[in-house]
Each structure stands twice: as structure tokens, then as C-alpha cells.
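Only one structure is covered here, and it is reproduced in the block below.
Read-outs throughout are calculated quantities, based only on the coordinates presented, and are distinct from any laboratory measurement. Every value quoted in this text rests on a predicted model; they were computed, and no experiment measured them. Cβ placement follows ideal geometry from the backbone for every residue including glycine, while neighbour counts extend to all protein chains displayed.
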Amino acid sequence: MSSDLLLRIIIQLPPLMLAISVHEMAHGYVAMKRGDYTAQMLGRVTLNPIKHIDPVGTVLVPLMLALSGTGILFGWAKPVPVSPMNFKSPRKDNAIVSLAGPASNLLLAMALALIFRILLWVPGYSAIMSSPVLKPLVLMIVFGIQISVVLCVFNLFPIHPLDGSHIVQGLLSPHQAMVYSRHERYGFIILVVLLVTGILWRIIVPFYALIISLISGIFSIPL
């Protein structure tokens, strides 16, 4: 393993794990507030990444991407178990719980952007870039912002099993939701095809770029 690859893993892995953990914890926390304590009983309402690790999505895929030399690190965690029947309004509350994940990633991106803004204000950009301690920290923060926005936009895509599909179901009438849910059995296959062909990223990138541009402008930070 080259030193550049090792450095990239060290810089990118912690913010990736943080973004994934925040996303899953948000699902569990909001589900608990809406009346379903399944995630809490299973210890999933936590920022501890060990509780959310998926062998493929959290370990294998990020490792393969790191070794591929693409410079991109991406992954996912075990889905937080939710029992909609425990909600007072199953369809509405399930949509809210699903929205909590992407929303938490957007909030995390903004919180990291604020930290970046403070660092730029206190030591200054030149001092940061010349510091062997602050520079890696800032690179981690920047990647944390970027991967958080990626997770936010990606998970809002309305294909099962992504959060967007559950949000759409909550917005539709019961009959429309039933018709829409028929694609669930093919959702993962559709998602893989869209990913492999690059179609999904062509759809996601403009939204990602817009949010990154807004965050960069609001906090006056280089992203």
C-alpha cells in the first residue's frame, strides 16, 4: 500500500464513518420519537460506527474504491430496523423517519462547514495549509462536507431501498403508494444498473454541486 493511498484512507475514512453513523442514528432517533423503539432496543441509536457496520457497504466497497485509485470513497451501513406499525400514522411517520437520514447529513455538512469557517477565521488559510496538524484536519472536514452532501442527495433518490422511495410512498395516496411499491422487488437491480452505467451520478451531480455551492457561499469557504 502506497503512502498516498494510506494517507487518503486516513483522511477520508473517519468522516465517511461519521456521516454514515449520523445518518443511521437519525433514523433510529426519529423512529423512537415517533413511537417505534426497535432501533433503540438493538443499540442503533448511537454514533458508535461499530453498531452500523455492514461488511460489504462499510468495509469491502470503501476498501475496493480506495485500492482502485479513483480518489473516491463511498459506502453505506446496515439499515436501521424500523417497524412502521408502531407509529400512530405509519405511512406519514415512516416518511418522516426516512427523511431524517438525508436531513441529518445536510445538517452535518453545515456543522462541519461552520467549523471550517472558524478555523479559517482563527489561524487563517495560509497557517492551516502550512500546519502538519491542521491541514489534514481541514482535509477531513472538507471531505466530511462532501460525503455528507453525497449521502444526502443519493439517499433521496426515489428507488427502493433508498430513503427517497419511502418518502415518496408517504406522499402518495394509499392506492398510488401500493402501485409504486410494486417496483421494490426490482429496486436494488435498478439501482445497480443506474450506478454501473453512470446514469445515477449524472442525475445526482447537479444537485450535489448546487448544495456544495450554496454551503460554500453561505460560509465563505473553499470547497
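Let me know the charge dipole size of the range 86-194 about its Cα centre in debye, to the nearest 20, where only the beta-carbon of Lys, Arg (+1) and Asp, Glu (-1) is charged.
Around 100 debye, computed over the range 86-194.
Taking 8 Å as the Cα distance limit and 6 or more residues as the minimum spacing, I'd like the relative contact order of the range 84-218 as a percentage.
27 percent
Three principal axis extents, largest first, for the C-alpha atoms of the range 94-216, in Å?
59, 30, 21
With 5 Å bins from zero, work out the P(r) of the range 1-150 over every alpha carbon pair and list the percent per bin.
Calculated P(r), rounded to whole percents: 2, 10, 16, 18, 17, 14, 10, 7, 4, 2, 1.
Could you run the Karplus curve 6.51 cos²θ - 1.76 cosθ + 1.60 with θ = phi - 60° over the range 34-48 and give me ³J(HN,Hα) per residue in whole Hz, x for Gly and Pro?
Per-residue couplings from phi come out as 8, x, 10, 9, 4, 5, 5, 5, 8, x, 9, 8, 7, 8, 5 Hz.
How about Lys51: which lysines have a C-alpha closer than 22 Å to its C-alpha, ignoring those fewer than 8 places off in the same chain?
Lys33, Lys78
Please state, rounded to one decimal and in Å, the Kirkwood hydrodynamic radius that the range 148-223 gives when every pair of distinct Cα atoms enters the mean of 1/r.
13.8 Å
Which value does Rg/Rh take for the range 96-140 over its C-alpha atoms, Rh per Kirkwood?
Working: Rg = 14.0 Å, Rh = 11.8 Å.
When Rh is taken as the Kirkwood radius, the ratio is 1.19.
Which residue, chosen from Ile141, Pro81, Ser126, occupies the Cα position most advanced towards the positive end of the dipole of the range 62-163, where the dipole is computed from +1 (Lys, Arg) and -1 (Asp, Glu) charges on Cβ about the Cα centre?
Projecting each Cα onto the dipole axis, the largest value belongs to Pro81.
Going by the alpha-carbon gyration tensor, a ≥ b ≥ c the square roots of its eigenvalues, is the range 1-62 rounded (a/c under 1.5) or, if a/c is not under 1.5, prolate (a/b greater than b/c) versus oblate? Write down the numbers at each step before the final one.
On the way: a/c = 4.04, a/b = 2.81, b/c = 1.44.
Because a/c hits 1.5 or more and a/b exceeds b/c, the range 1-62 counts as prolate.
Would you calculate a helix-derived [θ] at 222 nm for the chain, using -39,500 (n - 2.57) for each DSSP H run of n ≥ 4 and dividing by the full residue count, to the nearest 500?
-22500 deg cm²/dmol
Return the sequence-ordered ³J(HN,Hα) values of the range 79-96 in whole Hz as given by the Karplus equation 6.51 cos²θ - 1.76 cosθ + 1.60 applied to θ = phi - 60°, using x for Gly and Pro.
Residue by residue, the range 79-96 yields x, 6, x, 10, 10, x, 5, 7, 7, 5, 10, x, 5, 5, 5, 5, 5, 5 Hz.
Build a GNM of the chain with springs between Cα atoms under 10 Å: which of Ala177, Ala95, Ala39 gets the top mean-square fluctuation?
Ala177
Based on the Kirkwood radius over alpha-carbon pairs, what value in µm²/s does the Stokes-Einstein equation return for the translational diffusion coefficient of the range 109-167 at 25 °C and 0.890 mPa s?
On the way: Rh = 12.9 Å.
The estimated diffusion coefficient comes to 190 µm²/s.
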